[in-house]
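Below is one structure, written out as structure tokens; comments come after it.
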Amino acid sequence: MSLLEIEDLHVEAGGRKILKGVSLTVEEGETCVLFGPNGSGKSTLLSAIMGFSSAKVTQGRIIFKGRDITGLPVDARARLGIGMMMQRPPNVIGVRLGDLIEVAAKNGHGSTGHEGEFRMDSMMDRDVNVGFSGGEIKRSEMLQLTAQAPDLVMLDEPESGVDLESINMIGSKVRDLIENNGRRTSAFVITHTGQIMDFIDVNKGYIMIDGRIRSEGDPREVLDSIKAHGYGVDDE
Ligand SMILES: Nc1ncnc2c1ncn2[C@@H]1O[C@H](COP(=O)(O)OP(=O)(O)OP(=O)(O)O)[C@@H](O)[C@H]1O
Ligand SMILES: [Mg+2]
């Protein structure tokens with residue numbers, strides 16, 4: 001049984017059809033990367049898996065740990081073990097980052113007290129994401145995931161906007177989260193550059209084009225083909 005199975009998923013956002021029949025699997029202990037041009041639907045897919053109401057499933061199913069979670073609310077999915085780093089998380093006015101981290105640790109399997117490792121000590125009293133820089137948002141999202149320690153880690157462009165020194169920290173934290181003291185956690189990671197693959201072992205690569213998975217294969221070969229031929233490689 002796969003940890004995550006997406007079956008013929010159709011999703012609308014803002015009244016438009018965005019995902020047009022996506023099927024894919026993430027196995028237990030497997031790390032998959034998802035490539036694809038801007039606007040192809042990658043973030044929408046993660047939103048649909050997490051259960052955000054902005055991504056409306058109109059057809060198909062999402063199966064996690066053998067259970068159909070397609071209709072479950074976000075908090076229930078989080079408690080089942082799904083966690084996500086969002087590309088653009090919303091400001092949460094009135095909620096301290098420190099309080100959010102405590103809730104994440106209480107409902108998950110991780111722990112608090114990691115803010116020093118993420119250079120976030122001085123941020124714990126601030127409202128979540130309010131005025132955070134791009135890099136601070138990434139570190140905050142990783143800190144929350146470390147507290148939650150989900151069984152499926154979904155990362156939306158973890159390296160994007162991160163400075164050259166912090167990329168090593170983010171990369172090693174992603175590796176720690178996935179390696180999980182020897183009990184490999186499953187991961188589904190969106191990346192444009194593939195830079196995160198310098199830090200983690202990746203088993204499978206997917207390319208999404210216009211709301212559909214267009215190819216699947218060895219992640220390094222998939223990335224090399226994009227670099228050499230662009231995204232339209234299958235059409236040529
Ligand atoms: N709420 C919404 N209302 C209208 N359009 C939306 C909404 N959400 C997503 N879209 C559209 O859906 C398409 C896919 O968006 P999505 O964010 O999933 O792309 P992406 O593959 O993650 O792109 P990027 O690489 O730029 O992050 C885009 O054209 C976007 O404008
Ligand atoms: Mg995106």
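The values are calculated or read from the model by the stated rules, or taken from the named source; none is laboratory data. As the structure is a prediction and not an experimental result, all values here were calculated from the model. Every residue, glycine among them, receives a Cβ derived from its backbone with ideal geometry; neighbour counts consider all protein chains shown. Only protein heavy atoms, including side chains, enter the accessible area calculation; ligands, DNA and RNA are left aside. Shrake-Rupley method; radii C 1.70, N 1.55, O 1.52, S 1.80 Å.
I want to check the label-to-label distance for S54 and R67. Put each point 7 Å from Cα in the C-beta direction and report it in nm to one decimal.
Result for the modelled spin labels: 2.6 nm.
What does the extension gain come out to for D75 and R184, with contour length at 0.36 nm per residue minus their alpha carbon separation?
36.9 nm
Computed FRET efficiency, Cβ-Cβ of D224 and R88, R0 25 Å: what is it to the nearest 0.05?
Here the calculated transfer efficiency is 0.30.
Sorting check: for 109-119, 141-151, which peptide has the highest mean count of neighbouring beta carbons within 10 Å, and how do the rest follow?
Peptide ranking by packing, descending: 141-151, 109-119.
Mark the label point 7 Å from the Cα of K20 along Cα→Cβ and return the residues of region 183-216 whose backbone N is within less than 19 Å of it.
Once the point is set 7 Å along Cα→Cβ of K20, 207-216 turn out to lie under 19 Å by backbone N, inside region 183-216.
Which distance in nm do the two modelled labels at E102 and T193 give, with both placed 7 Å along the Cα-to-Cβ direction?
Output for this residue pair reads 3.7 nm.
What is the dipole size for the chain, taken about its Cα centre, with +1 at each Lys and Arg Cβ and -1 at each Asp and Glu Cβ, in debye to the nearest 20?
660
Take region 1-106, compute every pairwise Cα distance, and split them into 10 Å bins from 0; I just need the percent in each bin.
13, 44, 32, 11, 0
Which pairs in the list K56/K106; K56/K227; K20/K173; K56/K173; K204/K227; K173/K204 are over 27 Å apart, alpha-carbon to alpha-carbon?
K56/K106; K56/K227; K20/K173; K56/K173
Relative to the longest principal axis of the C-alpha atoms of the chain, give the angle of the C-alpha long axis of helix 219-229, reported between 0 and 90° and rounded to the nearest 10°.
On a 0 to 90 degree scale, this one is about 60.
Cα axis of helix 164-179 to longest principal axis of the chain: angle in degrees, 0 to 90, nearest 10?
80
Along the Cα→Cβ direction, 7 angstrom out, place labels at E117 and E165. What is the inter-label distance in nm?
Distance between the two pseudo-spin positions: 2.0 nm.
Once both axes come from the Cα atoms, what is the angle between helix 97-107 and the longest principal axis of the chain, in degrees from 0 to 90, rounded to 10?
Tilt of helix 97-107: around 70 degrees.
Towards the positive end of the charge dipole of the chain, with charges on Cβ (+1 Lys, Arg; -1 Asp, Glu), say which of F64, S111, G39 has the farthest Cα.
Positive-end residue among those listed: F64.
Assuming 0.692 mPa s and 37 °C, estimate D for region 90-138 with Stokes-Einstein, Rh taken as the Kirkwood radius over Cα pairs, in µm²/s.
294
May I ask you to evaluate 6.51 cos²θ - 1.76 cosθ + 1.60, the Karplus curve with θ = phi - 60°, for each residue of region 7-23 and list the ³J(HN,Hα) values in order in whole Hz, giving x for glycine and proline?
10, 6, 7, 10, 9, 10, 9, x, x, 10, 6, 10, 9, 10, x, 9, 10
Carbon and sulfur together cover what percent of the accessible area of the chain at a 1.4 Å probe radius?
Within the chain, the accessible surface is 46 percent carbon and sulfur.
Place +1 on the Cβ of every Lys and Arg and -1 on the Cβ of every Asp and Glu in the chain, take the dipole about the Cα centre, and give the residue among N129, G14, A48 whose Cα lies farthest towards its positive end.
Comparing the listed Cα positions along the dipole, G14 ranks first.
Which cross-chain or sequence-distant (5 or more) residues have an amide H under 5 Å from the amide H of Q59, H modelled 1.01 Å from N in plane?
H10
Over all pairs of distinct alpha carbons, what does the Kirkwood formula give as the hydrodynamic radius of the chain, in Å?
For the chain, the Kirkwood estimate is 18.0 Å.
At 1.4 Å probe size, with every protein chain present, just tell me what the per residue accessible area of region 54-132 comes to in Å².
Solvent-accessible surface per residue comes out at 55 Å².
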